[in-house]
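Asks: Below are the structure tokens for one structure; questions will follow.
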Amino acid sequence: MKDIFSKKISYCWLILCCAFMVAGCDLEEVPVDTANKDAVFGSESGLQLYANSFYDWLPSANNIHQADAISDYSTRRNAPDFLRAGNVYSSRTSDNTSASGYDLIAIGADWNWGWGTLRNINFFLENNKDPKIAADVRQHYNGLARFFRAWFYFEKVKRYGDVPWVNKPLDVADPKLYASRDPRTLVMDSVLADINFAIQNIKTINDPSRTLITKDVALALKSRIALFEGTFRKYHTDKGLVNTANTWLTAAAEASQTVMTNGRFSLHRGGGTDLSYRQLFISDAPVSAEIMLAVVSSTALNVRHAANWYFTSATTGTRFSFIRPFINTYLNIDGTPYTNEADYQTQTFMDEVKGRDKRLAQTIRTGSYKRTNGGNLVAAPPAFTYTYTGYQPIKWSVDNVAIDGGNNNTNAVSIFRYAEILLNYAEAKAELGTLTNDDWSKTIGALRSRAGITGGLTTLPTVVDPYLQSTYFPNISNPVILEVRRERGIELALEGFRFYDIVRWKRGELMEMPWLGIYVPEANKLMDLNEDGTPDVYFYTQTPTNQISGVTYVNVATESYKLTNGNSGQVIWLPNIPRKWEDRKYFYPIPESHLLTNPSLGQNTGW
């Protein structure tokens, strides 16, 4: 099988040489079909070339590493319109994928209210019937099509709730073009049927490039879908689907366990616990032991992404920074909660990052972080020209200053990896109340062991962490569920999961958390963030007369930027810009233009 770049080139050849195109970006638009179908559906090579077009729907590298720009643990340049109080974000706003910039959770082809991909898939499924091609070959490609249709609809349901279920290409006279939305149960049962078909019929077992859909990737998608649906139904009790939640949770656990039993993937441990986690995110080639599917860059084809630009530029992107309440959830290296320490609230940055879960230093800049600049390895503490809170990400950005200013990154960006499978299995079993000590050891314990944590790796937790419970999940009293959620947040940080984790747990109120940063013992005083003897930042309430070169001066006497106690305390960004969660925001609004075309769709509650 060709890699992803060859697939794209081949698909372009197919369009040009076969004069075949399926068009129609939305359900209400007139479809146009022109084709010599035999050129496509009469040979296995034709099926393969057509199936390559499905991959165009996958998220880009930038879509993934920027997706958490709207989440509970992120601060950024401006409060997202979607989270602002009032009607800043509306059904009219959602018409335009660029109107809110990074406020959109997954910006990509048809990831919002677009339907062209669905028509492309359905057209394939309707026409892939040529008896000259072996049945198992046709079923393999139908399995690929139904894999993408399952994922496509999963994203639609996550975002909009009830949506129209369409399983055939519609012509202009088909009444389904102007029909109402179908119930969530019908759509998700159809999604489950699609992904089960894909698992059963996709023939590809292993893909060294990690760019193709395999049977294990299909199982991973089922695991992701079923966990979401099971927990959504369990915690959104107003939807009346609680009695079916365990069916989905069981499906999530079973799909995850199958991947685990297959034994084709494992946690990457190369480089030791100090390095192995971050290697997954900065390596050019996908780390094949753990990465199941990835977006791969190519210097030869000029296909790159902009992670460094996004995470180091004061003007590009959102200036994403983590907030302190989330950083507080990283355990001490001995497995005890950091927040058990009596002085945790007043520990300075230099002290709070020591002796912690080693993923912390592989996710944000800490005192030991260095970068390559002009061939030299230089200290690189948090740069307050970028970060607002002091917790500046490094998970996706590489350490070479030379590539900071543009689309220069070539590191692979994972879409599915084995760690998620372990987390999905642990969470599904925890929610079912069937997670055992052995399960814990193979999942949460294994992940924490890789992170250098030494305690609590082999037995289920029995004590609730009061900080984690009170700050994040006050309605959860089960220590196992609490710890699984802690682990998921840390392990999958900045991988695009957080917003919809919060949605399915029905904890949207977390989006209102204050944007708190590092503790500053005293304003108007130099701080050395990495303790190398050179001052790095100066938070002032009065403009200093003599400024030192190399020091970033930050005014904390403004309406936008303050210290919580005036002349000391945690830095806080945008304290006077209200962010308000309302239950209507568990779903996005149906775009206004489509409601005007088809009023039968109806609008989501509250919009």
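Asks: Using heavy-atom solvent-accessible surface (probe 1.4 Å) with all chains present, what is the largest-first order of PHE281, PHE587?
Replies: Working: PHE281 0, PHE587 30 Å².
Descending accessible area places them as PHE587, PHE281.
Asks: Once fully extended, how much extra length lies between THR244 and LYS203, figured as 0.36 nm per residue of separation less the alpha-carbon to alpha-carbon distance?
Replies: 11.6 nm is the gain from fully extending THR244 to LYS203.
Asks: Further, regarding this structure: Taking a temperature of 10 °C and a viscosity of 1.306 mPa s, what whole-number D in µm²/s does Stokes-Einstein yield for region 277-382 with Rh from Kirkwood over alpha carbon pairs?
Replies: Roughly 96 µm²/s, to the nearest whole number.
Asks: Still on this model: Between region 405-483 and region 279-324, how many Å separate their Cα centres?
Replies: After rounding, the separation between the Cα centres reads 23 Å.
Asks: Moving to a separate point now. In whole Å and largest first, what semi-axes does the C-alpha gyration tensor of region 398-509 yield when each eigenvalue is scaled by 5 and square-rooted? Could you put the intermediate results ahead of the total?
Replies: On the way: eigenvalues 168, 63, 36 Å².
Over the Cα atoms of region 398-509, the semi-axes work out to 29, 18, 13 Å.
Asks: What is the ratio of the Cα radius of gyration of the chain to 2.2 N^0.38 Å, where N is its residue count, to two decimals? Intermediate results must be reported in sequence, preceding the final value.
Replies: Numbers: Rg = 24.7 Å, N = 607, 2.2 N^0.38 = 25.1 Å.
Computed over Cα atoms of the chain, the ratio equals 0.98.
Asks: Here is a follow-up. Note the full-extension length gain between ASN87 and LEU432 as 0.36 nm times their separation in residues minus their Cα-Cα distance, in nm to one decimal.
Replies: The span from ASN87 to LEU432 would gain 120.3 nm if fully extended.
Asks: Given C-alpha coordinates of region 191-262, what is the ratio Rg to Rh with the Kirkwood estimate of Rh?
Replies: Reported Rg/Rh, Kirkwood definition of Rh: 1.06.
Asks: Related question: Hull surface divided by four, with the convex hull built on the Cα atoms of region 344-454: how many nm²?
Replies: The directionally averaged projection comes out at 9.8 nm².
Asks: Provide the gained length on full extension for the span ALA39 to GLN347, in nm with one decimal, where the gain is 0.36 nm per separating residue minus the Cα-Cα distance.
Replies: Difference between extended and current length: 104.1 nm.
Asks: In region 413-550, what percent of the accessible surface is made up of carbon and sulfur (1.4 Å probe, ligands and nucleic acids excluded)?
Replies: Carbon-and-sulfur percentage of accessible area, whole number: 48.
Asks: Here is a further query. Using a Förster distance of 25 angstrom, determine the FRET efficiency expected from the C-beta separation of ASN340 and THR564, and round it to 0.05.
Replies: Efficiency at R0 = 25 Å is approximately 0.70.
Asks: While we're here: Would you mind telling me the share, in percent, of accessible area of region 199-345 contributed by carbon and sulfur at probe 1.4 angstrom?
Replies: Looking at region 199-345 in its full context, I get 50 percent from C and S.
Asks: Using the Kirkwood radius over Cα pairs, work out the Stokes-Einstein diffusion coefficient for region 220-359 at 37 °C and 0.692 mPa s, in µm²/s as a whole number.
Replies: For these conditions, the coefficient is 170 µm²/s.
Asks: Find how many whole Å separate the alpha carbon centroid of region 375-392 from the alpha carbon centroid of region 514-571.
Replies: Using only Cα atoms, the two centres lie 14 Å from each other.
Asks: Here's something else I'd like to know. Using only the Cα atoms of region 119-225, each taken as one equal point scatterer with no solvent, compute I(q) by the Debye sum, divide by I(0), and report log10 of the ratio at q = 0.11, 0.15, 0.16 Å⁻¹.
Replies: Computed log10 I(q)/I(0) values: -0.37, -0.67, -0.76.
Asks: Here's something else I'd like to know. Using a 1.4 Å probe on the protein heavy atoms only, what accessible surface does THR534 show? Give it in Å² to the nearest 10.
Replies: Approximately 70 Å² of THR534 is accessible to the 1.4 Å probe.
The values are calculated or read from the model by the stated rules, or taken from the named source; none is laboratory data. Values in this document were obtained by computation on a predicted structure and should not be read as measured data. No Cβ is skipped: glycine too gets one built from the backbone with ideal geometry, and neighbour counts run over all protein chains shown. The accessibility values were calculated without ligands, DNA or RNA, using every heavy atom of the protein model including side chains. Shrake-Rupley method; radii C 1.70, N 1.55, O 1.52, S 1.80 Å.
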